[in-house]
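Report on one structure; see the data block that follows.
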Amino acid sequence: RNLVKKYCPKRSPKDEEPRFTSCIAFFNILNELNDYAGQREVVAEEMGHRVYGELMRYSHDLKTERKMHLQEGRKAQQYLDMCWKQMDNSKKKFERECREAEKAQQSYERLDNDTNATKADVEKAKQQLNLRTHMADENKNEYAAQLQNFNGEQHKHYYIVIPQIYKQLQEMDERRTIKLSECYKGFADSERKVIPIISKCLEGMILAAKSVDEHRDSQLVIDCFKSGFEPPGDFPFEDYSQNIYRTISDGTISTPKQEGMRIDSKTTVGKAKGKLWLFGKKPKGPALEDFSHLPPEQRRKKLQQRIDELNRELQKETDQKDALIKMKDVYEKNPQMGDPGSLQPKLTETMSNMDRLRMEIHKNEAWLSEVEGKVAARSDRRHSSDINHLVTQGRESPEGSYTDDANQEVRGPPQQHTHPNEFDDEFEDDDPLPAIGHCKAIYPFDGHNEGTLAMKEGEILYIIEEDKGDGWTRARRHNGEEGYVPTSYIDVTLEKNSKGA
């Protein structure tokens, strides 16, 4: 998505679509890549919900269940430990009572065999022996019961409770493994679902690549930039030997036409060389309203484009006039809806704009007819004689404009011949754009980004390109440094005869 957003052209709706097949193919590939990215987003969303999210939820449930089973195991172990302690206590108590009973029996036997002992002492020792024996019997029974209970609980713990807990843990782990298997399958399914669409995207990219037509692109460049200039004609042979064979007695006066022809031919060569813009310098000079600074074919295209734009504006003004007339009629029939007189200023302004546009269209159509007529006339003269051809070429200015006075063109300074080292100058050092006004910096601007121009508050700069609607104006310093500055940071003054124009 970021790649598509970064490399998609930022065009306004008024801009023309790219005409070159390579550009159209590139934009089609960008569109296919955008669809491809959409499918990757579907896969990511599917993975997030069906695989990753499901695994996280199930993992949490498994942790809770495992914790519960482990708690049950700890409780069973604690209960068994408690039963063992009870059995051990009863065993120790029985053992203690048995020792006390043995001591009481030994004491009784010693008193019974003692002749000096009184009958009361013997009787008391006998009662003590009976009491200890009885307590030993009771503790014996309790120990036996506790031992039996512990053995039962121990058997139940190791053969029933713990195996059941381990079985539940095993089942839980098996369910976990099954869930992993399902998630693995879901991962593959999420990829497999989008494969047909991704395949179509890739096929679209291949078709876009195959649609590139290099010959058509080259022809578009030729049609867009062809100048309409005719190649210069052949040089005539200038016979300087006439002066050698001429005798004074002949009285032959050589016509001065050759000199004029020579001047014209030199002028033609210079002008023709100036037309080869790719290998030489572009002609300097400010842009003219009638585009006479452009070659004939380019001038014709510019004029036709301007006429089309003016016709569109005229159609808008005509539609607005019709709407105002209808609204005025409604107001006249229903005065409560509005005052018909309030529409008159707007209607007058619209009519004035229509008249102005019609005059502009007529003027540009006259220029267009002039260009088309001269191009047709030049094509008719293509097979004329060399001298006439050279004179015709000499009357063609390097900027593509024409004049009816051939002498003025002869007297004008010819274009300088292109030197061999100027071949690459066109690509390295273009002529600076003319200034169309100046501006004053209201705020300072650091201009860190590439293509921008830093400026200080109060600095005066030349305007060489107006804001195209993107918030940036192209400006130039006095030292020739150029760049873009924010339009909101400057106070612009446009003028026809600005310094540096």
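General remarks:
- Summed over the stretch 324-350, the residues that are open to solvent by less than 80 Å² (accessible area, probe 1.4 Å), within 25 Å of ILE307 (Cα to Cα) and of a type outside the set (Val, Ile, Thr) give a count of 1.
- Qualifying residue in the stretch 33-47 (condition: touching a helix residue (DSSP H, G or I) at 6+ places or on another chain (Cβ under 6 Å) and not in a helix (DSSP H, G or I)): no
- Whether a residue is in the same structural domain as PRO163 (by the TED database), within 60 Å of the chain's Cα centre (by Cα), part of a helix (DSSP H, G or I) and surrounded by 14 or more Cβ atoms within 10 Å (Cβ to Cβ) was assessed, and GLU72 passes this test.
- Residue, least open to solvent (accessible area, probe 1.4 Å), within the stretch 153-181, restricted to residues that are of a type in the set (Asp, Glu) and without any contact (Cβ under 8 Å) to a residue 12 or more places away in the chain: ASP173
Condition check ((1) closer than 30 Å to HIS215 by Cβ; (2) free of Cβ contacts under 8 Å to residues at least 12 places away in the same chain) across all residues:
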| residue | (1), (2) |
| --- | --- |
| ASN28 | yes, no |
| ALA37 | no, no |
| MET47 | no, no |
| GLU54 | no, no |
| ASP61 | no, yes |
| GLU65 | no, no |
| GLY73 | no, no |
| GLN77 | no, no |
| LEU80 | no, no |
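- Test: VAL194 is out of contact with any strand residue (DSSP E or B) (no Cβ under 7 Å at 6 or more places or on another chain), part of a loop (DSSP other than H, G, I, E, B) and closer than 25 Å to TYR36 by Cβ: no
- Where helices (runs of 4 or more DSSP H) fall wholly inside the stretch 288-407, the ranges with 2 or more residues that are at pLDDT 80 or above, among the β-branched types (Val, Ile, Thr) and over 30 Å from LEU433 (Cβ atoms) are 296-333, 344-380.
- Qualifying residue in the stretch 102-115 (condition: more than 30 Å from TYR52 (Cα to Cα) and outside any helix (DSSP H, G or I)): yes
The values are calculated or read from the model by the stated rules, or taken from the named source; none is laboratory data. None of the values given here were measured: they were computed from a predicted structure. All Cβ positions, glycine included, derive from the backbone under ideal geometry; neighbour counts span all protein chains shown. Ligands, DNA and RNA are stripped out before the accessible areas are found, and what is left, the full protein with its side chains, is counted by its heavy atoms. Shrake-Rupley method; radii C 1.70, N 1.55, O 1.52, S 1.80 Å.
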